Amino acid sequence: MENKKIITGIDIGTTKVVAVIAEIIYEDKSTIDNNVKGVKILGLGEHPSDGLKKGIVVDIVKTTKSLENAIKLAEEKADTEVEEVYVGITGDHIMGMNYNGKIPINNANQMAGIGKEISENDVQKVLEASQAINVSPGKRILHTLSQSYEVDDRKGIQNPVGLSGNTLGVNVHLVTSLINVEKDIETCFKKLGIGIKKFVLEPLASSYSVLDSNEKELGVALIDIGGGTTDILVHYDGGIMHSAAIPQAGKNLTFDISHRFKTTIEQAEELKKKYGISKTALATNEKILIKGVKGRESVEISQKDLAEVIEPRMIEILTKSLEQIKKSNVANKLNFGVVITGGGSQLKNLIDLSQEIFNMPVKIGFPEIIDSEVSQYKNNPRYATAFGIVQYASSCKADDFTSNVDFNVIDKIKKLINKLTNWY
């Protein structure tokens, strides 16, 4: 018996907002958490993003309007109304760290050294224990992503449920985010009468749509080059070893081109997409006409001139990405090398330049989704995050044990503390 569920994912980028409304089809209602049969895209809406800078809302009104336009387009195609959403989040306020937790397994026979069978409840408790860290004021734990479990002295366990032991430990990757950044995004959705079901780290979402289980198990570094940030996620042995966000991405290339050739932002973006190339050595001397605006004279440049602007910035972005990959301490174990996705991955000859810098296999990551009707999106990495958010939400993975924050509760606690402070 099939069970169906409607999920809406929102990718809020610096250059675009993408809203995806999907119907998730499960094999059986009793296994809704882990048995996805298919994903049918009901509607996709895309609109230029305005009001955001490097993943941060800088104008509530403009951001709200961008969200509204993208969601309306998706709603019209899906013939449904959106009430709650899963929202991608990124920015240099996002921080990742590796941590661990350990708990005893309650057992009447422990004195005899006989272990007790580990339950799902024990797994939940040890994940809770792994969150017992001092988070910086104004931050919260966005994701708790398990790397591996330990039962007594046995290490490297992926699923401890059913095993017997006296102690259960877990190694996790914790991702924290700034609460006020989340609240600003929530404010935009509140103005539209839409609730946020959950925030999802954008590169984590992208990994759901472009990576398979073999890549995650044997080692791969995902680099998602967006408009405002470049996000890095390192997978190894079935877990996430490192995450980071770099505040340089596709928009920086556009600005560099605009400053160098004295063009508008729109012209620079068009030059990048139509003629941009990652390596100067592979560029041609073909002439490109840039029309003058507001009385300015038109000028001619070559693809080589353009590449001389693009290549240094791309080298900077890729070099910084490599520095983050090395922080994972598994850079030399990544069997599948590097997968680059996001809108910035569409730059010509990017693989050639990347292989020189990473000195390991590199490929472009395209979103994979179980829906033959959206084949036009499969070959476009700019939709990797949007589709990934939907796939993440449909999976409800147990290794991402973090509930949403009720910001209203936080505000109430702060007010209560202020009252108590005033009383004393």
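The values are calculated or read from the model by the stated rules, or taken from the named source; none is laboratory data. Bear in mind the structure is a predicted one, so any value in this text is a computation, not a measurement. Every residue, glycine among them, receives a Cβ derived from its backbone with ideal geometry; neighbour counts consider all protein chains shown.
If residue 162 passes every condition in (1) assigned by TED's automatic domain parsing to the domain that holds residue 319; (2) touching a strand residue (DSSP E or B) at 6+ places or on another chain (Cβ under 8 Å) but one, which one does it miss? That leaves (1) as the condition not met. Among the residues making up segment 140-155, a single one is buried (at least 17 other Cβ atoms within 10 Å of the Cβ) and of a type in the set (Lys, Arg): 140. Among residues belonging to segment 350-365 that are surrounded by fewer than 16 Cβ atoms within 10 Å (Cβ to Cβ) and part of a loop (DSSP other than H, G, I, E, B), point out the one that is farthest from the chain's Cα centre (by Cα). Restricting to residues being surrounded by fewer than 16 Cβ atoms within 10 Å (Cβ to Cβ) and part of a loop (DSSP other than H, G, I, E, B), the top hit is 359.
Does residue 162 count as more than 21 Å from the chain's Cα centre (by Cα), assigned to a loop (DSSP other than H, G, I, E, B) and at positive phi? Break it down into steps so the answer makes sense when it comes.
Values: more than 21 Å from the chain's Cα centre (by Cα): yes; assigned to a loop (DSSP other than H, G, I, E, B): yes; at positive phi: yes.
Against the criterion (more than 21 Å from the chain's Cα centre (by Cα), assigned to a loop (DSSP other than H, G, I, E, B) and at positive phi), residue 162 qualifies.
Checking every residue in segment 129-138 against the condition of being under 29 Å from residue 209 (Cα atoms) and surrounded by 13 or more Cβ atoms within 10 Å (Cβ to Cβ) gives at least one match.
Quick check: anything in segment 366-375 crowded, with 22+ Cβ neighbours inside 10 Å, modelled with pLDDT of 55 or more and either of a type in the set (Gly, Ala, Ser) or outside any loop (DSSP other than H, G, I, E, B) (or both)?
no
Could you list all residues from segment 1-34 that are at pLDDT below 95, polar (S, T, N, Q) and part of a strand (DSSP E or B)? Within segment 1-34, 3 is the sole residue that qualifies. Within segment 329-349, the residues that satisfy the criterion of being crowded, with 17+ Cβ neighbours inside 10 Å, touching a Leu at 6+ places or on another chain (Cβ under 9 Å) and assigned to a helix (DSSP H, G or I) are 331, 344.
Scanning segment 35-67 for residues that are acidic (Asp, Glu) and either in a loop (DSSP other than H, G, I, E, B) or under 14 Å from residue 87 (Cβ atoms) (or both) returns 50, 59. Whenever a residue of segment 261-286 is of a type in the set (Gly, Ala, Ser), its partners that are assigned to a loop (DSSP other than H, G, I, E, B), lying with C-beta atoms within less than 8 angstrom and at least six residues away or across chains, give the pairs 276/347; 278/347; 278/349. Here segment 294-316 is the region considered, the condition is being loosely packed, with under 13 Cβ neighbours inside 10 Å and touching a Lys or Arg at 6+ places or on another chain (Cβ under 7 Å), and the residue that is nearest to residue 275 (Cα to Cα) is 300. Within segment 35-61, being at pLDDT 85 or above and closer than 20 Å to residue 368 by Cβ holds for 40, 41, 42, 43, 44, 46. In summary, helices (runs of 4 or more DSSP H) completely within segment 179-291 and bearing 1 or more residues that are of a type outside the set (S, T, N, Q) and surrounded by fewer than 19 Cβ atoms within 10 Å (Cβ to Cβ) occur at 179-191, 213-218, 250-261, 265-275. Within segment 383-404, the set of residues being in a helix (DSSP H, G or I) and modelled with pLDDT under 90 comprises 394, 395.
The numbered conditions (1) loosely packed, with under 15 Cβ neighbours inside 10 Å; (2) outside any loop (DSSP other than H, G, I, E, B); (3) at pLDDT below 95 are all true for residue 319 except (3).
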